[in-house]
Structure formats: C-alpha cells, structure tokens
Amino acid sequence: MNDSYAELFSVTPADLVGVAIWEVAPEVDPDTFDAYWNSFADGDTRQAETVHEYSGNRVPVATVTTQRTIGGAPYHFGTIKDITERKAQEREIQQQNERLENFAGLVSHDLRNPLNVAQGYVDILQADIDRDELTLVDNALERMDSLVSELLQLARTNTPVGETDPVSLFATVTKAWDSVATIDADLRLAGSGTQILADESRLRELFENLFRNAIEHAGADVEVTV
C-alpha cells in the first residue's frame, strides 16, 4: 500500500495493510472474492469505476487490476486513480444539460405562441395585400420558428444539429442578410458559385450573428464583404 492511496482517506499505509479489500471497496463480495481473484489469466486486465470508503471518507476511483506471473507465481497489481474532480465535472455537466433542456422547453413554449399569432396575422394580410414587406416578415417568422426547433433539439440531444452537405455559400449569405435588420448597411459578395460543406441552417445562423455584430460595432452604414 503506497502513501498516495492512504492519503485519499487521510490515513497512513500502515493503517490499511491487512484490511480486507471488501471493507474498503463495498462492491467486492467476500463470498465470491476468491473465485473472482482466481479467474484472472496471465496478463488479464480488468477496469472499473467505483467508490472506495474508509475512515469516514468516500472517494470515487477508477481501478485497473492485472495479473502477471513472476517466477512461476501469479501476482495481482492494482492501479487506483482518484476521479473525484472528474465525477464532479460530470455532475455539473449533467445539471447544466438539464437546465439547458428546461430553458429550451420554456423558450419553445413562450416563443412559439406569439410566433403563431404573428404568423396567423401575416397569412391574413397576405390574402388581401400583395407587399414584398409581408414576404420578408413571413420569412423572418419561419426562420425564428426554425431556430426555436434547433435550440430545442440541440438541448435535448447535446449533439450538433444537422449533417454537412454541399451548400451554396452566397445563397446562404443572402438569406442571412435578408433575415437581419441591416438598415443602411451594404453587402458585397466577392465571387459566385462557391460551395462549402456545412449544415446550411447553422451556417446561416453564423452569418446572421456576424452581420448583427458588424452593424452593432461598426455602424449602421457599414459595408460587409463576403
């Protein structure tokens, strides 16, 4: 028993020498321990994550146990690593994901209701009035609904949204520009026909954020070149 392991429980190695392993590792069954120990073949390695407990201290650990034959006799070697910090990070990430999912659900519910109301009025107006502005509003509402869906999916799956496909860069840029209140800003496209591998919706969101930042920080009459 080395000093590092004993320090996990604020004791000395001498305090642990002679203590049965099942008194420290509750998952070990003393009735089946001999059979388990003898089940190792030479070079066999077992890994596990568990909790070791002694002297009132509980420590999550990762264990690696292997058997080596030396001089014709089998020896077991155990490596034990304190994973307290990692487990704490995992719990924090889990809590953050739960909060994110709750937030996304709230956003989805609270945003979709007014979005549906606005979309309904736009549909009524478009039936009576032929204006380009109404088409822009309709596109903006559809985009907002799509972003709400993606936020909810991202929160619930914790994975990137969508697969990558060949995407027209400038068609995506143009859609993004039309979705942003650009005021007096100008957009300049340098080139044409460029395609890149991307998730079209996420790429469009990227450019929307960039355009908003450009207008916010460089002025309403900024010229943006892509």
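The values are calculated or read from the model by the stated rules, or taken from the named source; none is laboratory data. It should be emphasised that the depicted structure is a prediction, and the values quoted were computed from it without experimental measurement. Using ideal geometry, Cβ is built from the backbone for each residue, glycine included, and neighbour counts are taken over all protein chains shown. Side chains included, ligands, DNA and RNA excluded: accessible areas come from the protein's heavy atoms. Shrake-Rupley method; radii C 1.70, N 1.55, O 1.52, S 1.80 Å.
Being surrounded by fewer than 16 Cβ atoms within 10 Å (Cβ to Cβ), under 30 Å from the mean Cα position of the chain (by Cα) and β-branched (Val, Ile, Thr) is the filter here, so list the residues in segment 163-190 that pass it. The answer is 164, and nothing else.
Taking segment 35-47, which residues are in contact with a strand residue (DSSP E or B) (Cβ under 8 Å, 6 or more places away or on another chain) and open to solvent by 50 Å² or more (accessible area, probe 1.4 Å)? Steps first, answer last, please.
Going residue by residue through segment 35-47, those that are in contact with a strand residue (DSSP E or B) (Cβ under 8 Å, 6 or more places away or on another chain) are 37, 40-47.
Within segment 35-47, 37, 41, 42, 45, 46, 47 meet the criteria.
What are the pairs, 6+ residues apart or on separate chains, where a residue within segment 191-220 that is open to solvent by less than 80 Å² (accessible area, probe 1.4 Å) has its Cβ under 8 Å from a residue that is part of a helix (DSSP H, G or I) and of a type in the set (Val, Ile, Thr)? Short answer, once both residue conditions are applied: 198/172; 200/172; 203/172; 204/172; 207/172; 207/173. Between 112, 68, the distinction of being outside any strand (DSSP E or B) and either in contact (Cβ under 8 Å) with a residue 24 or more places away in the chain or aromatic (Phe, Trp, Tyr) (or both) belongs to 112 only.
Of the residues 121, 75, which single one is closer than 30 Å to residue 39 by Cβ, free of Cβ contacts under 8 Å to residues at least 12 places away in the same chain and either open to solvent by 70 Å² or more (accessible area, probe 1.4 Å) or in contact with a Ser or Thr (Cβ under 6 Å, 6 or more places away or on another chain) (or both)? Talk me through it step by step, then tell me what you get.
Numbers: 121 fails: closer than 30 Å to residue 39 by Cβ.
So the residue among 121, 75 that is closer than 30 Å to residue 39 by Cβ, free of Cβ contacts under 8 Å to residues at least 12 places away in the same chain and either open to solvent by 70 Å² or more (accessible area, probe 1.4 Å) or in contact with a Ser or Thr (Cβ under 6 Å, 6 or more places away or on another chain) (or both) is 75.
Return yes or no: is residue 27 among the acidic types (Asp, Glu), assigned to a strand (DSSP E or B) and open to solvent by 30 Å² or more (accessible area, probe 1.4 Å)?
Details: among the acidic types (Asp, Glu): yes; assigned to a strand (DSSP E or B): no; open to solvent by 30 Å² or more (accessible area, probe 1.4 Å): yes.
The answer is no for residue 27.
Residue check: residue 156 meets all listed conditions (1) more than 30 Å from residue 93 (Cα to Cα); (2) at pLDDT below 90 but one, namely (1).
Would you tally the residues in segment 125-138 being exposed (fewer than 10 other Cβ atoms within 10 Å of the Cβ) and over 16 Å from residue 180 (Cα atoms)? Of the residues in that region, 4 qualify.
Do we have residue 100 as in contact with a helix residue (DSSP H, G or I) (Cβ under 6 Å, 6 or more places away or on another chain) and either exposed (fewer than 11 other Cβ atoms within 10 Å of the Cβ) or hydrophobic (A, V, I, L, M, F, W, C) (or both) here? First the steps, then the outcome.
Numbers: in contact with a helix residue (DSSP H, G or I) (Cβ under 6 Å, 6 or more places away or on another chain): yes; either exposed (fewer than 11 other Cβ atoms within 10 Å of the Cβ) or hydrophobic (A, V, I, L, M, F, W, C) (or both): yes.
Here the answer is yes, as residue 100 does meet what is asked.
Per-residue answers, yes or no, for (1) loosely packed, with under 15 Cβ neighbours inside 10 Å; (2) out of contact with any strand residue (DSSP E or B) (no Cβ under 6 Å at 6 or more places or on another chain):
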| residue | (1), (2) |
| --- | --- |
| 32 | yes, yes |
| 63 | no, no |
| 85 | yes, yes |
| 89 | yes, yes |
| 112 | no, yes |
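Just one of the numbered conditions (1) in contact (Cβ under 8 Å) with a residue 24 or more places away in the chain; (2) of a type in the set (D, E, K, R); (3) assigned to a strand (DSSP E or B) is not true of residue 101: (3).
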